[in-house]
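K.L.:
Quick one: this structure, given as structure tokens, is what I'll be asking you about.
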Amino acid sequence: MRATVIYGAGDVRVEDAPDPKIAQPTDAVVRVVRSCICGSDLWPYGSMEATEHGHRIGHEFLGIVEDAGSAVSAVRTGDLVIAPFMYSDNTCQFCREGLQTSCEHGGVWGARGVDGAQGEIVRVPQAEGTLVKVPATQDDALLASLLTLSDVFSTGHHAAVKAGVNERTTVTVIGDGAVGLSAVLAAKRLGAERILLMGRHAVRTDLGREFGATDVIAERGDEGVEKLRELTSGAGTHTVLECVGTKPAIEMAAGTVRAGGTISRVGVPQYLEGPLGGPVFMRNVTITGGVAPARQYIEDLLPDVLDGKIQPGKVFDRTIDIEKVPSGYQAMADREALKVLIAF
């Protein structure tokens, strides 16, 4: 099969790899139908030290089960399945609490002998607890939206849920990447009537308005904070969904949140220090968020996707095949593409 391997910053290759086989009774083998490049994949693409052998990459995929181990009964050969971006048994103490990302027997794709998702076939550990069966379809738009449940839309939803977004809360979303736009859609789905999107790329913020943003703020830093406070009579918003992961983004979150409000951060942090001192403390600001337990959310979000009530797959603005994955990384790094879909 063909699979994506990253060797260092700017060095992504598509290579031949052995076809995965069942290794444990709890495994399944899935032929990938749709995968994609994640914004978090751009961090190693931009900064990873060069390695001689490289490693597999990718963590979002939708596919068809080709084989299943003897301990797997929830899915069978021929089923179309969503794989969350981390695998889990869905039975341990943390999984039972809805925190499958901390599963005692779980892990990540592309590590410890597990295939990355940007390849033609993936061996899925803990398949019984990981994979979610969905109705078979060949509709490209629906496949794209189903794929977002593996990570990007579930992550936006996580940001909104952890912040406590509802019809009574005002919402700021920081970041007009795919996660930020997903957070806008998630906040709208949860009933928010005013959603302020902080982003400066018109094509992206236009999609944000389609998803439910009522205001767009192109300014950044202190100017952005000042503009948002002008739009909220000086108060800020009840919730801030930080979907970037940089220190300037979390600082803007601290500057735009209302007293007594909540900052929910789901951008992978690229900083070791942030605004956790006196001003945040004295204003009774709650800071929450973290890595999204997508497996916990998929079954809740799935009906609205299948019914067409939401179309999170619109975040994909470029489709490529497996051989063009290196150019897809470059396009996202150069901000020529919002989120790249890989079709097999």
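No lab work stands behind these numbers, since they all come straight from the coordinates. From a predicted model like this one, the values you see are computed outputs, not experimental measurements. Counting neighbours? That spans all protein chains shown, and the Cβs are built from the backbone with ideal geometry, glycine included.
K.L.:
So which aspartates and glutamates can LYS247 reach, going by Cα to Cα under 17 Å and dropping same-chain residues fewer than 8 places off?
P.N.:
Here the aspartates and glutamates satisfying the reach criterion relative to LYS247 are ASP176, GLU219, ASP222, GLU223, GLU273.
K.L.:
Once a ≥ b ≥ c are taken as the square roots of the eigenvalues of the Cα gyration tensor of the stretch 31-179, is the result rounded (a/c under 1.5), prolate (a/b larger than b/c) or oblate (a/b not larger than b/c)?
P.N.:
Details: a/c = 1.42, a/b = 1.17, b/c = 1.21.
It comes out rounded by the Cα gyration axes.
K.L.:
With a 10 Å radius around each residue's Cβ, average the other Cβ atoms per peptide and rank 8-19, 61-72, highest first. Walk me through the numbers on the way to the answer.
P.N.:
Values: 8-19: 14.1, 61-72: 20.0.
So the order, starting with the most tightly packed, is 61-72, 8-19.
K.L.:
I would also like to ask the following. Taking a ≥ b ≥ c as the square roots of the Cα gyration tensor eigenvalues, with a/c under 1.5 meaning rounded and otherwise prolate when a/b beats b/c, else oblate, which class fits the stretch 1-97? Display every interim value, and only then the final one.
P.N.:
Working: a/c = 2.20, a/b = 1.62, b/c = 1.36.
Prolate.
K.L.:
If you don't mind, another one. How much length would be gained if the chain were fully extended between ARG112 and LEU272, taking 0.36 nm per residue of separation minus their Cα-Cα distance, in nm to one decimal?
P.N.:
Working: separation 160, 0.36 × 160 = 57.60 nm, distance 2.64 nm.
Answer, rounded to one decimal: 55.0 nm.
K.L.:
Hey, which lysines would be in cross-link range of LYS314, C-alpha to C-alpha under 17 Å, not counting anything within fewer than 8 residues on its own chain?
P.N.:
Counting by Cα, and skipping residues close in sequence, LYS314 has these lysines nearby: LYS188, LYS339.
K.L.:
In Å, what Rg and Dmax follow from the Cα atoms of the chain?
P.N.:
In Å, with Rg to one decimal and Dmax whole: 19.8, 61.
K.L.:
If you don't mind, there's one more thing I want to ask. Highest first, please rank the peptides 226-235, 256-265 by the mean number of other Cβ atoms sitting within 10 Å of their residues.
P.N.:
On the way: 226-235: 14.9, 256-265: 21.7.
Ranking, from highest mean packing down: 256-265, 226-235.
K.L.:
Take peptides 85-94, 156-165 and line them up by average Cβ neighbours within 10 Å, highest first, as a rough protection proxy.
P.N.:
Working: 85-94: 19.8, 156-165: 26.3.
In descending order of packing, they fall as 156-165, 85-94.
K.L.:
Tell me the Rg and the Dmax, in Å, that the Cα atoms of the stretch 292-344 produce.
P.N.:
Expressed in Å, the Cα Rg and Dmax of the stretch 292-344 come to 13.9, 35.
K.L.:
Starting from the Cα of LYS162, draw a straight line to each of the aspartates and glutamates and keep only those under 13 Å, dropping any in the same chain fewer than 8 residues away.
P.N.:
Within reach: GLU242.
K.L.:
Still on this structure: Counting only Cα atoms, I'd like the Rg/Rh figure for the stretch 83-137, Kirkwood definition for Rh.
P.N.:
Values: Rg = 11.6 Å, Rh = 11.7 Å.
On the Cα set of the stretch 83-137, Rg over Rh gives 0.99.
K.L.:
Hey, if you put +1 on the Cβ of every Lys and Arg and -1 on every Asp and Glu Cβ in the chain, which of ALA183, VAL12, LEU42 ends up farthest toward the positive end of that dipole?
P.N.:
Farthest towards the positive end: ALA183.
K.L.:
Moving on to the next point. What is the Cα convex hull volume of the stretch 237-344 when expressed per residue in Å³? Present the calculation step by step, with values, prior to reporting the outcome.
P.N.:
Numbers: hull volume 16.2 nm³, N = 108.
Each residue corresponds to 150 Å³ of Cα convex hull volume.
K.L.:
Which of rounded, prolate, oblate describes the stretch 159-289, given a ≥ b ≥ c as roots of the alpha-carbon gyration tensor eigenvalues and a/c under 1.5 marking rounded, otherwise prolate only if a/b is larger than b/c?
P.N.:
Numbers: a/c = 1.37, a/b = 1.26, b/c = 1.09.
It is rounded, given that a/c, with a ≥ b ≥ c, falls under 1.5.
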